[in-house]
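Student: Can you keep this structure in mind? I'll have questions shortly.
Just so it is clear, none of the values below were taken in a lab; they were calculated from the coordinates. Quantities reported herein were computed from a predicted structural model and do not represent experimental measurements. In this analysis, Cβ positions are derived from the backbone assuming ideal geometry, glycine residues included, and neighbour counts consider all displayed protein chains.
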Amino acid sequence: MRAKKIMALLLGAGMVMGVSAAVGAEDAGEKTVITFWNGFTGSDQETLEALVQEYNETNDANIEIDMSIMPWDSLYQKLSTTLAVGEGPDFVAMAPERMGAYAEAGAYVSVNDAWTEGYIEEDVVPEALKSSLVYNGEYYGVPMDYATLLLYYNKTIFEEAGLDPEAPPTTWDELEAYAQQIVDNTDKYGFTMALKETTPMWCIMLWGNGGDFIEDGTAVFNSAQNVETVTRWAENIRDKEFGPAVLTGGEIDKLFESQKLAMYFCGPWATNGFEAAGIDFGVAQAPEGPAMQVTQGNGVGMYLTSSSEQKEAVYNFFQWWNSAETQIKWCLGTGFAPTRTDIDEEALAENPYIIEFSKPLDASKMYLQNLTNFAEIDNQAITPAFEKILLENADVQEALDEANAAIEMLLN
């Protein structure tokens, strides 16, 4: 019965049936072998592999991590079949917004005691990351990594437009004025936000004006604050032609990399590529909105599966991974911000970008957390509303009303 429930919920959350073979723990003599699946196939893979090797060679508990890295979509397909029959790994890393479906299905188990018994130092974990790992009032995950979005800006385009390349915008009014000056005085775009297949960007604006998507289990996407925000920035992007209206994450990255776009939001993963491309760019905190200065945070959590019989060994790795020493190595190797707020800037000074991305750790929010159907809400309600407004010039209030009703239906 539990297997059927897991299967149904995971498939209902958008998982696809696929690979069915699970990797079991190998017989390693006296060693305790625990299996770990994740999707870190990008530039962060090398650092992760090196750190796991370090743990295997230095931990005093005689524990060995048997790690399998695969593309994220392959990971989710594989989990949908293996967890349903109790053949999955001991622990998994994935985005927190997917956690709810697995916790609800019983595929992941509560790890409250990892937090209460000192394996995770709760008081140093960023609030947004901490709350994203809670489902139905209990912790089901521990931190793996965390990233914030900053405003990337092209200094060459700033100079071409007559702007100070060392003075990025700090408020919405300045962001608008700078973007307009760039559009008026160059053949470049000033500012825009990606909408699809991307880390969320529009949410930064909604939050900055005091709005949100869901509050206390109720849809609030059509609030007065959101109507005001969407109207203002849709007019800027669509009507004033600050930038293309509807882009994917890959498209907006290419636009900035080709030096046709002066400003956009992105995370720390982009710095190495832009440096390699020879772009003279800077990063700055998200401009302050009328209500607050805030940015979007996104992370990865680690989750203990219900099929694991090696809880203490898994907790040992959780503790080691979230130690200050390991987090400094992870951050310097990948450019991500740490999962803890108490790391001194001097320890990260080798990479000044990390220091800047670490500044808003406690001034960040995460998008559509603690749900079992975040993807449906994003893809079937929120994104279509923005597309109607940006591409079809739909009435903002009507489009948000329609989307809000869809969100309520999906929540219920």
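Student: From the square roots a ≥ b ≥ c of the eigenvalues of the alpha-carbon gyration tensor of region 300-412, which class results: rounded (a/c under 1.5), prolate (a/b over b/c), or oblate? Show your work: numbers first, answer last.
Tutor: Numbers: a/c = 3.90, a/b = 1.65, b/c = 2.36.
Verdict is oblate for region 300-412.
Student: Quickly estimate the mean residue ellipticity at 222 nm for the chain, helices only: each DSSP H run with n ≥ 4 gives -39500 (n - 2.57), and the total goes over all residues, rounded to 500.
Tutor: Details: 18 runs with 166 residues, N = 412.
Value at 222 nm, helices only, nearest 500: -11500 deg cm²/dmol.
Student: Next question, about the same structure. Just tell me which aspartates and glutamates come within less than 14 Å, Cα to Cα, of residue 155; anything on the same chain fewer than 8 places away is out.
Tutor: Straight-line reach from residue 155, under 14 Å: 164, 166, 257, 275, 280.
Student: Could you please state, rounded to a whole Å, how far the C-alpha centre of region 156-227 is from the C-alpha centre of region 340-373?
Tutor: Centre-to-centre (Cα) distance: 20 Å.
Student: Once Lys and Arg get +1 and Asp and Glu get -1 on their Cβ, which of 204, 189, 218 lies farthest toward the positive end of the dipole of region 171-243?
Tutor: My answer, from the dipole projection, is 189.
Student: Taking the mean number of other Cβ atoms within 10 Å as a proxy for protection, how do you rank 282-292, 89-99, 212-222 from highest to lowest? Could the numbers behind the result be given before it?
Tutor: Working: 282-292: 18.0, 89-99: 24.6, 212-222: 16.2.
Result, highest mean Cβ count within 10 Å first: 89-99, 282-292, 212-222.
Student: How would you rank 47-53, 239-245, highest first, on the average number of other Cβ atoms within 10 Å across their residues? Could the numbers behind the result be given before it?
Tutor: Numbers: 47-53: 16.4, 239-245: 18.3.
Per-residue mean Cβ counts within 10 Å order the peptides as 239-245, 47-53.
Student: Give the peptides 170-180, 150-160 in descending order of average Cβ contacts within 10 Å, highest first.
Tutor: Details: 170-180: 18.0, 150-160: 20.8.
Going from most to least packed, we get 150-160, 170-180.
Student: Next up: Suppose every Lys and Arg Cβ carries +1 and every Asp and Glu Cβ carries -1, with no other charges. What dipole size does the chain come out with about its Cα centre, to the nearest 20 debye?
Tutor: Working: 21 positive and 66 negative charges, 225 e Å.
The calculation lands at about 1080 debye.
Student: If you keep only loop residues by DSSP, which GluC sites (Glu not before Pro) in region 330-375 have at most 11 other Cβ atoms within 10 Å of their Cβ?
Tutor: Here the sparse-neighbourhood loop sites are 350.
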